[in-house]
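Trainee: I have a structure I would like to understand better, so I am pasting it below and will then ask my questions one at a time.
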Amino acid sequence: MFTGSIKNIIMAGLVNRRVADTPRRARLLDRIGRAAFGHGNGWGSDKAAMHQHPSIMNLNLARVAPLVWPHLSVIDGYVAMEGNGPIWGTPVEWQVAFAGVDPLAVDVTALELMGFRLDEIGYLHHCAKLGLGKFLPDEITVVGNTSRTQVERNFVRHPRETMQRNWKTADIDDWLLRPLRPTAPPSTMDQAKEGGTADDRCR
């Protein structure tokens, strides 16, 4: 329903499980795989595995977020999108850009100006609960060359909004705060600890 800087960074940071051909990639896959749920009998973090039921997807996004948390967040909203995004939506000439060193604050500022609330966006709600950044209006300092009233706009909601908002479950806090778990095949991680695969060591 809302894609800002945090979700884009997470999804861009995912590595397909099939490319764990070096110790460095194997370690990266294992770190993200420890945080993400629902990978079946595989391991790793390809994007297809991330896109599941809203409750799982939002949970996975929040648990992976601390592993790839950016130092600088930038949102290009000069041409935004509403409705059936992120591909088939309607372009919006919004003429706004956001930037900041607190990604959660940047995303929350953008979504509120678009007419959304933090408690509607599951992964951002989880990130706030995990204490990853500031999210209360009186904690966020906004500076710029325009006013809030000039850029506020109620963006058209996604046609599947009702389904996308179905991310809350009774035991969500328990899952959110669970410790990371090892997921990589032992043989792969053993190779990584030893300094690489046999092919790597021969190079």
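Trainee: In debye, nearest 20: dipole of the range 73-164 around its Cα centre with unit charges on the Cβ of K, R (+) and D, E (-)?
Mentor: In total the dipole reaches around 120 debye.
Trainee: Shifting gears a bit: Could you list which residues have their amide H under 5 Å from that of Met81, counting only those 5 or more apart in sequence or on another chain, with H placed in the peptide plane?
Mentor: Sorted by chain and number, the residues that satisfy this are Val92.
Trainee: Could you tell me which of rounded, prolate or oblate describes the range 55-121, using a ≥ b ≥ c as the square roots of the eigenvalues of the alpha-carbon gyration tensor, with rounded for a/c under 1.5 and, failing that, prolate when a/b is larger than b/c and oblate otherwise?
Mentor: In terms of gyration-tensor shape, oblate.
Trainee: Provide the three semi-axes, in whole Å and in decreasing order, of the ellipsoid equivalent to the range 73-164 as defined by the square roots of 5 times the Cα gyration tensor eigenvalues.
Mentor: 21, 18, 11
Trainee: Stretch Ala12-Trp69 to full length: gain in nm at 0.36 nm per residue minus the Cα-Cα span?
Mentor: So the extension gain works out to 19.3 nm.
The numbers here are math on the coordinates, done by the rules we state, and not lab data. In this text, all values refer to a predicted model and were calculated from it rather than measured experimentally. Note that we place each Cβ from the backbone using ideal geometry, even for glycine, and neighbour counts take in every protein chain shown.
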